[in-house]
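Remarks on the structure that follows.
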Amino acid sequence: MRKNYLSPSILSADFAHLGEDIKHVEAAGSPYLHYDVMDGLFVPSISFGMPVLESVRKITDMVLDVHLMIQDPDRYIDDFVRCGADIITVHYEACSDVKRTLDKIKEHGKKAGVTIKPKTPNRVLEDVLGLADMILLMTVEPGFGGQSYIPESTEKIRELRRVLDERGLDTDIEVDGGIKKDNLRTVLDAGANVIVAGSAIFKGDIEQNTKDFLKIMGE
Ligand code: DX5
Ligand code: ZN
């Protein structure tokens with residue numbers, strides 16, 4: 001049986017007490033923490049970068065799952081590794097040579113992920129299927145938390161899992177954007193096993209929300 005991992009996105013946390021919010025998801029048993037980096041170029045908004053990651057690394061043992069929404073991420077791989085990333089995921093659309101970038105991440109002994117936007121077809125990933133440890137299918141347009149899940153994503157997840165199975169690859173499929181308690185089962189059944197959730201975890205009772213997600217995920 002494939003293992004499922006919850007990855008709460010701190011983009012929806014309250015940054016005035018980020019440490020406390022993180023402690024709540026950790027206390028509830030979340031294995032991963034999702035860290036969204038935005039550069040104001042690849043996506044319209046700007047979030048946070050290396051110094052905040054360095055501080056987060058000091059207060060948690062959760063796996064730090066870093067999602068780089070930045071143009072030419074190659075430039076910053078060394079920095080994010082130094083600041084404590086465990087998994088680094090880059091956008092296919094933002095890389096000039098995505099294979100080289102994935103290799104660079106793996107040379108550091110870290111897990112390498114590749115991600116595509118909702119309108120980018122799965123087939124662009126053909127050449128990197130055996131190289132990436134994780135494939136992140138964006139289920140909203142990247143850039144902001146709190147958007148609605150794009151329903152067409154379910155078929156993309158199903159198709160990707162089928163292709164991976166056909167090739168005997170046990171690659172993780174992560175989904176990110178608009179995942180709530182009421183559509184979680186749908187994405188799991190379609191074949192996703194790493195679940196990002198921002199607003200559904202950090203708005204309201206953080207610990208309870210985390211526990212509810214983990215329960216539905218069978219963790
Ligand atoms: C969107 C980010 C997401 C975001 C998800 O660009 O990559 O990780 O935090 O937020 P929700 O779960 O609120 O859609
Ligand atoms: Zn993300």
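Okay, here's what the table says:
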| read-out | value |
| --- | --- |
| Local electrostatic count at Glu141 - Lys and Arg +1, Asp and Glu -1, tallied over other residues with Cβ under 10 Å | +2 |
| Set of lysines with alpha-carbon distance to Lys215 below 23 Å, sequence-local pairs under 8 removed | Lys3, Lys23, Lys180, Lys181, Lys203 |
| Environment charge at Ala13 (Cβ cut-off 12 Å; Lys +1, Arg +1, Asp -1, Glu -1) | -2 |
| Charge tally in the Cβ shell below 9 Å around His67, where Lys, Arg are +1 and Asp, Glu are -1, His67 excluded | -4 |
| Net charge dipole size for the stretch 24-85 [Lys, Arg +1 and Asp, Glu -1 on Cβ; Debye, nearest 20] | 140 |
| For the stretch 23-150: relative contact order, % (alpha-carbon pairs under 8 angstrom, 6 or more apart) | 20 |
| Distance (nanometres) between label positions extended 7 Å along Cα→Cβ at Ile59 and Lys181 | 2.6 |
| Overall form of the stretch 1-157 per C-alpha gyration tensor (a/c, 1.5; a/b vs b/c) | rounded |
| Accessible surface of the stretch 12-54 [probe 1.4 Å, protein heavy atoms]: carbon and sulfur percent | 60 |
| Per residue accessible area in Å² of the stretch 1-81, where ligands, DNA and RNA are left out and the probe is 1.4 Å | 43 |
| Accessible area of Lys211 in the full protein assembly, 1.4 Å probe (Å², nearest 10) | 100 |
| The stretch 90-168 shape via C-alpha gyration tensor axes, a/c threshold 1.5 | oblate |
| Which of Cys83, Cys95 is most accessible, then next, and so on - probe 1.4 Å | Cys95, Cys83 |
| Sum of -39500 (n - 2.57) over DSSP H runs of 4+, divided by residues of the chain (222 nm, nearest 500) | -10000 deg cm²/dmol |
| For the stretch 1-60: rounded, prolate or oblate by the Cα gyration tensor [a/c cutoff 1.5] | oblate |
| Largest-first ordering by accessible area, 1.4 Å probe, given options Arg123, Arg185 | Arg123, Arg185 |
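The values are calculated or read from the model by the stated rules, or taken from the named source; none is laboratory data. All of these numbers come straight from a predicted model, not from anything done at the bench. Glycine gets a Cβ as well: all are built from the backbone with ideal geometry, and neighbour counts include every protein chain shown. Heavy atoms of the whole protein, side chains included, go into the accessibility calculation; ligands, DNA and RNA do not. Shrake-Rupley method; radii C 1.70, N 1.55, O 1.52, S 1.80 Å.
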